[in-house]
Amino acid sequence: PIVSQALVVGDRRPFVGALVTVDEEYFPTWKAQHGKESTASVADLADDPDLHAEIQAAVDFANQAVSRAESIRNFTVLPQDFSEERGEITPSLKLRREVIAKAYADRIEAIYSK
């Protein structure tokens, strides 16, 4: 329930990675369950080890449905959900891959430099 959206990246890359957003509605519950500051934002906790462990569990579960070559090996948590206002999703809620890739190019590069 912690994952809101994910965009898989990896075209012409050595492995598959993902940009992951956190579900804003579930986030307060998650913070309470993990003893995090109630005022902390997703951006504040984007590098939190507990949050990464929770998302890694979701990634591991999703990876069970695909081959090793297709599995997500690394991900980054984005500070905010994708939005229609920023042009990242369409009115029918489809992700606009090119817009997101451009907006988060530095984060995508970081996936492959870890």
Conditions (1) at negative phi; (2) at pLDDT below 95 -> A62 fails only (2)
Filter the strands (runs of 3 or more DSSP E) completely within region 1-96 down to those with at least 2 residues that are of a type in the set (S, T, N, Q). 3-9, 72-77
Being within 18 Å of the chain's Cα centre (by Cα), surrounded by fewer than 11 Cβ atoms within 10 Å (Cβ to Cβ) and at pLDDT 95 or above is the filter here; which residues of region 1-41 pass it? E25
Scan region 86-108 and give yes if some residue there is on the phi > 0 side of the Ramachandran plot and modelled with pLDDT of 95 or more, otherwise no. yes
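The values are calculated or read from the model by the stated rules, or taken from the named source; none is laboratory data. From a predicted model like this one, the values you see are computed outputs, not experimental measurements. Methodologically, a virtual Cβ is constructed for each residue, glycine included, from the backbone with ideal geometry; neighbour enumeration extends over all protein chains shown.
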